[in-house]
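If you scroll down you'll find the structure; I have some questions about it.
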Amino acid sequence: ESKILKSNSTIVSIFSPGYNYPNLNLNDLSLKNLNSKNPWKFIMAINQAKRDSMVLDAITMEFNRRYPFRVYHLFPGFVHTNAAANRALPFPLPQLSSIFGPTLARTIGNTPSSYSDIPVFFAANPKAKEFDSYFYNERLQKIEIAQWAQDKNNCEKLFDKISSFFNP
């Protein structure tokens, strides 16, 4: 292992911690078997999001166990962007986003610039190390993660499986 990061480094991932995917199969991380049984795209997207959340939670836990640096997994909540228009989503989604997005961002959400303070706080402020969790939402409230991702054996097996992709 190379020593790319200093021991006091911080890694921040921004996604969606706390979801549970109880059917995780380490031999089918791509969910190909599930997709072959239920190819409905909406269900597949939900299962992928749950899997991704739980995998990132478990990897976050394992990195914090194995390495001297801190790793956080943060949830931004609603962040208003131009993604609906940029991704060419169908009518009326981009229009609804441009109409309601700014109001939602001011009342219950964020803009990219207003949310950016939170990951920078965790990455750069030494006081972040005083927090007692690695998983927070946009209001700096702790997020509970799935039992599977809290289990040390599961985290180790997942880490080893993913590492095997890079070190066959």
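Among DSSP beta bridges whose residues both lie in the chain, state the antiparallel percentage, nearest 5.
If we restrict to bridges inside the chain, about 10 percent are antiparallel.
Moving to a separate point now. For the chain, would you read off the P(r) tail past 19 Å as a percentage of all alpha carbon pairs?
I get 64 percent for the Cα pairs in the chain exceeding 19 Å.
Could you derive backbone 3J(HN,Hα) for region 23-28 from the dihedral phi with the Karplus parameters 6.51, -1.76 and 1.60 (θ = phi - 60°), listing whole Hz in sequence and x where the residue is Gly or Pro?
Per-residue couplings from phi come out as 9, 4, 10, 5, 8, 9 Hz.
May I pose another question? Please find, in a Gaussian network model of the chain (springs between Cα atoms separated by less than 10 Å), the residue of Leu140, Leu93, Leu31 whose mean-square fluctuation is greatest.
Leu93
Give me the aspartates and glutamates in straight-line cross-link reach of Lys157: C-alpha distance below 18 Å, same-chain residues under 8 apart excluded.
Lys157 reaches Asp28, Asp52, Asp57, Glu62.
Each value in this text was obtained by applying a stated rule to the coordinates, not by laboratory testing. Computed from a predicted model, the values in this text were never measured in an experiment.
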